[in-house]
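Where a number appears in this text, it was derived from the coordinates with a stated rule and is not lab data. Not measured: the values here are computed from a predicted model. Don't worry about glycine lacking a Cβ; one is built from the backbone with ideal geometry, like all the others, and counts go over all protein chains shown.
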Amino acid sequence: MLDLTATELLQRQANGDSSAESITQTFLAQFRQHDSRIRAFLHVDEADAIEQAKAIDAKRKGGESLGKLAGIPVAVKDVLCTKGRRTTCGSKILQNFVPPYDAHVITKLKEADAILIGKTNCDEFAMGSSTENSAYQTTRNPWDLERTPGGSSGGSAASVAASQAPLALGTDTGGSIRQPASLCGIVGMKPSYGRVSRFGLIAYGSSLDQVGPFAQDVRDAALLLEVIAGHDPRDSTCVNTPVPPYTAMLDEPIKPLTIGVAKQFFGKGLDSEVEQAVRSALKVYEGQGAKIKDISLPHSPYAVAVYYLVATAEASSNLARYDGVHFGHRTEKFAGLIDMVKKSRGEGFGAEVKRRIMLGTYALSSGYIDAYYLKALKVRRLIRQDFDQAFAQCDVVMGPTSPTAAFKIGEKADDPLAMYLSDIYTISANLAGICGISIPCGFTKSGLPIGLQILGGPFAEEKLLRVARLHERETDWHKRRPAL
Amino acid sequence: MSLSPDEVRKVAELARLEISDAEVDTIARQLNAIVDYINQLQQVSTDGVEPLAHALDLHDVFREDLPGESLTEDEALANAPARKGNFYSVPAVFGD
Amino acid sequence: MMSYRTIIGLEVHVQLLTRTKLFCGCATTFGLPPNSATCAVCCGLPGTLPVMNRTAFQLALKAAVALNCTIATFTKWDRKNYYYPDLPKNYQISQYDLPFSSEGWLEIETPAGARKIGIIRAHLEEDAGKMLHDERAGKNDSLVDLNRTGTPLLEIVSHPDMETAEEAKAYLEELRLLLREIGVSDCEMQEGSLRCDANINLHVPQPDGSFVATPIIEVKNLNTFRGVERSLKYESERQAAELQRNLDAGVWHVDATRTSKFRDYRVSPITQRKSDGALGPVSKATAGWDERTGRTEIQRRKEEASDYCYFPEPDLVPVTVDADTLERVRAELGELPAAQKTRLQSQYGLPVYDAGVLSRQGRAFVAYFEAVVKQCGDAKEACNWTMNDLLSTLNDRKLDIKESSLSPENLGELISEIQATGLNKQRAREVYAVMLDGLTAKQAIDKLGFKVVADEGQLLELVRKAIAANPKAVADFKKGKVKAADAIKGFVMRETKGMAKTEMVQQLVMRELAKE
Ligand SMILES: [Mg+2]
Ligand SMILES: [Zn+2]
């Protein structure tokens, strides 16, 4: 049962071959068996998950109509607010924070009759690319426990890769869904900015953050996206345009299909095995009649620099509210208000979060805002214009998701800049607001998964998913599972 | 451009972060490595380019002036680190 | 005592008359129990997002148009970052480089005539919560109430165009009148829905024709109109004394090298020796106004300007205003107080003062006045009765004009009745008092049993009797003391219990006295 996709699990329930309860029990058993080593989850309430499953089964028995994810366990990154359930962002500063409300995507999951199986580990406030920056635990890559699952949504990616959940939600500010999906050998998608409501997503970089799905295959990712996407009047930046039925046309290939390949995504620093796997994926498409077109994204080499100014500037402000006054950690000993705030923040935030708050504050401070923050916003426009030109010539842009396969835990821990550069290919999509997906496209000789990144224009999710599905139909990389 | 330890302290003050003297040098070194990298942006010609704060071309999003649900006092104060009656309690503002 | 010009600019925050807050559905009602009108959004809980209240923006737009501002076709919101416990997000959503309105004006009345006070900008922002500071010794905590957090505010910043404390007060009163009239704010200073900070300094003339500028002081906590006037008067005197003292002591120096132009003259700033030994400008300081002691208390001067790290609010999208919208808002404004005052003068021939009194009472009051005129045809009398008798009745009874028990038609009828019968003012006031119970003028006169004596023969007899009884008054009158005739008239009035037709008595007394 653990090898089945959500779509197959839905079918089994419909056929009466399986119940929500038995499915949930199976995934919980997997969790109990393996998570002490993988450490994907921060909080799991088994009894509650079973309760939810029983309620769904009762609904089915009563002949009630059921949602699109009825009885399917979904793991949720712990930056998404869950009413009455601790939501920590992987940070000590929110150790005891219990939101009085559900994030919009959580409401959507509940409405779809999904089982919320647990909250997954992540880099603190989604700041990181390895899930090593969690204040609570380091999540390990199910393919090699010495290696990171990527990040920041490493817990969600690892939970799906280790079959502890068939589906998971992550968030992607600079690649935090696509990069861990790539490193864990699963499908991960970042929707276009504005496609999914951010209400209840604890902000890191507000103009970049999006919630997206992790799944074993493209169909499941499309299904989960279908459930969470759509207008929410509580998020001013969430567009009010209809959500296409992503699963309906999934097997219809886009014809003719032109794939843009940018030389900037194949430069220095790209691992040769990764490049090889991506090139063979392109061959798969060519075999299906797609045209490969060389394009240029001349400003994408600057994306990391732009990102570390824009995201940190926004973060420095977004994280100002954690001051020990109204919620969150308050230090024990202090002398006066300002000291209380400084100590609470000093104790509550980890090193990477402090570094980014410092960088963002610096980028916005008087005397530097023009040279840093505003300059970055100008280059951001150039990055967006590069993509506009690219999508005028081709349907999608393809390249590697990450320059390397999963790296070792601790390998980049002391070199923040090296860590930042592991997101070099994913970041520009967030800056431009476009959609992107990572799908498995091969393995290194040592057996680590490799991801193919496909980028689509703003709100071109349907096309993106159909293109991704085409590769999946012709290959079976996505069917491989790690030996736990 | 690079940050001196004093500038690091100033930024930390602005960000209300307590940073020990021992941390200052490490943070200064790490930030300077990042700032050095970021300085490559100065090579990009952006004359006449408007800043792009938001990738979405969306405007005029409003809510109507209609009452919504508020929290009860207990719900609102449930996460408060310190509470006095139905108020949040904080160290005296004056006296710093 | 040195002579100087006082330079005042006001920064006013008014609370907009919305039902709900700027970014969430919580109530804006004043005086609710602490923390009973908050939600995840206005508490700034992690994951929450703001959504702009349409009515708040529309009210702000209305105010800006009424203040003759230029309205931006594209406006956005920014975050103003600073740490304070009444600001749960530790940033305020406000407007920085692209406010929705700028460069307007408001006309005020000064002893030297009407004057336009320039408005630099008006922008929309959210309010902070309320702090309660326990001032008892040994107490080391403050309490925070977030009910007010997120209430929509319009910030209106004037140019430093006011030159006296009275002008500042007049500006504030004119602003309150305008905003109340157009339904933008109730401007209740006691409830904090109108708050004012003042920037004040002095320009002291020098023999060479230039001026020396004292450092700007921002006076905070001005929560009464009287406080505005008193504090600014106090502060200008204090600054003059401080300047003299510090120049004499050699603590302050005039920096003639940094002279700049202000209006049509040149101004030099003051410098002071800094901690590093160099001369530098004396920094701006804030002062609190203490209503009890009647003094401004200078708070810490900050060596460097605070750094708010402003940047565009990523959680909100821009707002555009097109020409049609502006046209509609303009049309909906109706007649504004300044235009109304001018019209009352030209249309009804009222003096500036009277027109000012009427228009200051608001549109409903002016409409009442105009209905009285329509009924009786005498604008001057209608004005006297409404702005004196009616207004004091309303004030005594704490009533709004709309709650008046006396209809404008009835008041108009009273005026006509007085003119027709010659009822004197004192009796007329008695009639008026009875009419407040809902009676018409005729009913009231009947009820009081007033009968005006208008029989010429009867009155002539009384006049003659009065002349006979007052030889001294007659003698005085003959010596040229016209006022002495009053004693004769008073006699007749007493004899008729005040019911003699005034004009007839006047005529008869004059005629008979002339014969003496
Ligand atoms: Mg303000
Ligand atoms: Zn609220």
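General remarks:
- In segment C:256-310, the GluC sites (Glu not before Pro) that fall in loop regions by DSSP, at most 12 other Cβ within 10 Å: C:303, C:304
- Among beta bridges from DSSP that stay inside the protein assembly as shown, the antiparallel ones total about 80%.
- Counting only Cα atoms, the protein assembly as shown measures 137, 81, 60 Å along its principal axes, largest extent leading.
- Taking N as its residue count, the alpha carbon Rg of chain C over 2.2 N^0.38 Å: 1.29
- Estimated FRET transfer efficiency when R0 is 22 angstrom, pair residue A:58-residue A:231 (beta carbons, to 0.05): 0.10
- Residues residue C:346 and residue C:112, FRET efficiency given R0 of 25 Å [Cβ-Cβ distance, rounded to 0.05]: 0.70
- Other-chain or far-sequence residues with amide H under 5 Å of residue A:366's (modelled H): C:309
- A convex hull fitted around the alpha carbon atoms of segment C:335-448 yields 94 Å³ per residue.
- Between the residues A:228, A:213, A:302, the greatest Cα displacement towards the positive end of the dipole of segment A:195-303, with unit charges on the Cβ of Lys, Arg, Asp and Glu, is found for A:302.
- Dipole in debye (nearest 20) - segment A:6-251, about Cα centre, beta carbon charges: Lys, Arg +1; Asp, Glu -1: 260
- Using alpha-carbon coordinates, inclination of helix C:323-333 to the longest axis of chain C, degrees: 40
- Annotation for segment C:460-516 versus segment A:90-168: alpha-carbon center distance of 103 Å.
- Using bins of 5 Å that start at zero, the share of Cα-Cα pairs per bin across segment A:301-376 amounts to 3, 17, 22, 20, 15, 11, 8, 3, 1, 0, in whole %.
- Share of Cα-Cα pairs in segment A:199-307 lying beyond 17 Å, as whole percent: 72
- Over every Cα atom in segment A:12-151, the radius of gyration and the widest Cα-Cα span, Dmax, amount to 15.9, 48 Å.
- This model, with +1 at the C-beta of Lys and Arg and -1 at the C-beta of Asp and Glu, gives chain C a dipole about its Cα centre of some 1420 debye.
- Converting phi to 3J(HN,Hα) with the Karplus coefficients 6.51, -1.76 and 1.60 and the offset θ = phi - 60°, segment A:308-324 yields 6, 9, 5, 5, 6, 4, 5, 5, 4, 7, 4, 8, 5, 5, 8, 10, x Hz in sequence order, with x at every glycine or proline.
- Remark: segment A:410-422, residue by residue, has Karplus-estimated 3J(HN,Hα) of x, 4, 10, 4, 9, 10, x, 5, 4, 4, 4, 6, 6 Hz, where x stands for each Gly or Pro and the curve is 6.51 cos²θ - 1.76 cosθ + 1.60 at θ = phi - 60°.
- Taking 15 Å as the cut-off, the amide N atoms of segment C:384-421 that come nearer than this to a point 7 Å along the Cα-to-beta-carbon line of residue C:443 belong to C:405-414.
- Three semi-axes describe the equivalent ellipsoid of segment C:9-138; taken as square roots of 5 times the Cα gyration tensor eigenvalues and ordered largest first, they are 30, 20, 15 Å.
- Each Lys or Arg adds one and each Asp or Glu takes one away; over the other residues whose Cβ falls under 12 Å from the Cβ of residue A:146, this sums to +2.
- Net charge over other residues, Cβ less than 14 angstrom from the Cβ of residue C:462 (K, R count +1; D, E count -1): +2
- Using θ = phi - 60° and Karplus 6.51 cos²θ - 1.76 cosθ + 1.60, couplings along segment B:17-26 (whole Hz; Gly, Pro as x): 10, 7, 10, 6, 4, 5, 6, 3, 5, 4
- Separation between Cα centres of segment A:1-50 and segment C:210-245, rounded to whole Å: 72
- 0 to 90° range, to nearest 10: angle between helix C:502-515 axis and chain C longest Cα axis: 60
- Point-charge dipole on Cβ atoms (K/R +1, D/E -1) for segment C:335-448, about Cα centre, debye to 20: 240
- FRET efficiency estimate (nearest 0.05) - Cβ-Cβ, residue C:326 to residue C:367, R0 22 angstrom: 0.25
- Simple spin-label estimate for residue C:278 and residue B:21 gives 2.8 nm between the two label positions (7 Å along the Cα-to-Cβ direction from each Cα).
- Dipole of the protein assembly as shown, positive end: most advanced residue of A:374, A:478, C:61 [Cβ charges, Cα centre]: C:61
- Computed from Cα atoms alone, the Kirkwood hydrodynamic radius reported for segment C:258-384 is 21.5 Å.
- Local electrostatic count, residue C:108, Cβ distance below 9 Å [Lys/Arg +1, Asp/Glu -1]: -3
- Per-residue [θ]222 nm for the protein assembly as shown (sum of -39500 (n - 2.57) over DSSP H runs n ≥ 4, rounded to 500): -11500 deg cm²/dmol
- Chain C: angle of helix C:485-495 to the longest principal axis, Cα-based, in degrees nearest 10: 70
- Nonlocal amide H pairs with residue C:162, under 5 Å, H built at 1.01 Å: C:8
- Length gained on full extension, residue A:258 to residue A:408, computed as 0.36 nm times the residue gap minus the Cα-Cα distance: 50.4 nm.
- Descending semi-axes in whole angstrom, ellipsoid equivalent of chain A, from the Cα gyration tensor: 31, 29, 21
- Dipole orientation for segment C:335-448: of the candidates C:336, C:418, C:365, C:336 has the Cα lying most toward the positive pole (charges on Cβ; Lys, Arg +1; Asp, Glu -1).
- Over all pairs of different C-alpha atoms, segment A:6-251 has a mean inverse distance whose reciprocal, the Kirkwood radius, equals 17.4 Å.
- For A:306, C:434, order by how many other beta-carbon atoms lie within 10 Å, fewest first: C:434, A:306
- Cα centroid of segment C:378-455 to Cα centroid of segment C:1-53, whole Å: 45
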